[in-house]
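A quick write-up on the structure given underneath.
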Amino acid sequence: MPSPIAGGWLHAGGPDRPPHLLRDLLVRRIDAVPGGGEIVWAVRGIGDDVLADALIAAAGRGVSVSLHVDARATPIWADDVMARLSAGGLSPDIERHEAERPMDMKVHIFSHPEPSALIGSYDSIGEHSALRDPRRRLDDLDRGHDLLIEYSQPALVAALRDHARRFGGTLERLRPSQNRAAEVPRTSIFFHPRLRPRIVDAAIGDLDEDARLRVVLARHLPIADPLFDRLSEASARGVGVALIGDHLPAPLASAGARLLRRQPTQPPINMSFLLIEMPGAYVTWVGDIAPHGVHRDLLVRSTDPELFAALSERFDRIAAETATTA
């Protein structure tokens, strides 16, 4: 089921995949860490009893468990799960960052069986708009398109572990460490907030008419985001542009872009990625491709053809279930 990529694996969840696929993946990773090992998570929150029980069991067998969550992103129904974690002995390691920058990133670090980091769009909280009825929260999460990228390169794991444990204040984006990418061959990971956040916009601006660009947009992207302007400009100068998303501005179609607009009844898209295909070159961007404000998040740039191929397949799968509007 997972797709091999350079230095790791791509795990994708969606309506075409088994229920609880990504949740169960995290549970297996938790269960594989022995006493004396370490688990470090930085997530918006934890709203799943199965994950909570696995983390409590890990702490009980001597695993160091550090959970960093954003209290503002945690819906009321998840407070019971957080209380469950505290009752299980994890309260000293739960940091509810209410005064810091809003957190959209999902980082899961495991020390065993080998050091690894899983990053991406999946968490057990989900989008608030899809979770008004607590009884449907896990069903909603399982219906949506999500992903986790698993990396095992020591340089990436170490950088992501440090980032997960570091919570700066209002000047966080000024730190040199915040503005340096974590890099290994074919992969760079950028940390947000940063001084120059619109990295993907610049990459789109450099494309010429022999490029092809495909984009999947998470449902929370504002329709007025500057990314849409850059895509419209690229399409107008001859770049092949196709987009899938919930809210897509009409001027993009006038510029020649192909728009595939999701309907409210279709499974939600929780992930964002952008695929650039040029003669002899492939570039993949995953994560915070359209940063807004000073949210804490991640952006991956990859020239790995295997990651490009795996996400190209996901694009085609999502496109097949989406109505074409232009």
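The values are calculated or read from the model by the stated rules, or taken from the named source; none is laboratory data. Values in this document were obtained by computation on a predicted structure and should not be read as measured data. Cβ atoms come from the backbone with ideal geometry, glycine included; neighbour counts cover every protein chain shown.
Suppose we keep only residues that are touching a strand residue (DSSP E or B) at 6+ places or on another chain (Cβ under 8 Å) and free of Cβ contacts under 8 Å to residues at least 40 places away in the same chain within region 278-308. Which one would you say is surrounded by the most Cβ atoms within 10 Å (Cβ to Cβ)? Across region 278-308, the extreme among qualifying residues is 284.
Taken residue by residue, region 178-187 has at least one member that is at pLDDT below 90 and surrounded by 21 or more Cβ atoms within 10 Å (Cβ to Cβ).
Scan region 104-113 and tell me whether some residue there is of a type in the set (A, V, I, L, M) and either assigned by TED's automatic domain parsing to the domain that holds residue 272 or at pLDDT 95 or above (or both). Within region 104-113, one or more residues are of a type in the set (A, V, I, L, M) and either assigned by TED's automatic domain parsing to the domain that holds residue 272 or at pLDDT 95 or above (or both). Between 297, 316, the distinction of being of a type in the set (Asp, Glu) and modelled with pLDDT under 85 belongs to 297 only.
Quick check: is even one residue across region 218-231 over 22 Å from residue 122 (Cβ atoms), basic (Lys, Arg) and over 23 Å from the mean Cα position of the chain (by Cα)? Looking through region 218-231, none of the residues is over 22 Å from residue 122 (Cβ atoms), basic (Lys, Arg) and over 23 Å from the mean Cα position of the chain (by Cα). Restricting attention to region 72-83, the residues that are at pLDDT 60 or above and crowded, with 17+ Cβ neighbours inside 10 Å total 3. Restricting the first member to region 108-119 and to residues that are touching a residue at least 40 places away in the same chain (Cβ under 8 Å), and the second to residues that are among the acidic types (Asp, Glu) and surrounded by fewer than 24 Cβ atoms within 10 Å (Cβ to Cβ), the beta-carbon pairs closer than 8 Å and six or more apart or on different chains are 109/38; 110/38; 111/38; 116/150; 117/150; 118/150.
Take region 14-57 and flag every residue that is farther than 18 Å from residue 125 by Cα and basic (Lys, Arg). 17, 28, 29 - these are the residues of region 14-57 that are farther than 18 Å from residue 125 by Cα and basic (Lys, Arg).
Note on region 229-326: enclosed strands (runs of 3 or more DSSP E) holding 1 or more residues that are of a type in the set (Asp, Glu) are 273-278, 297-302. Counting only residues that are assigned to a loop (DSSP other than H, G, I, E, B), among the hydrophobic types (A, V, I, L, M, F, W, C) and in contact (Cβ under 8 Å) with a residue 60 or more places away in the chain, region 218-228 holds 2 of them.
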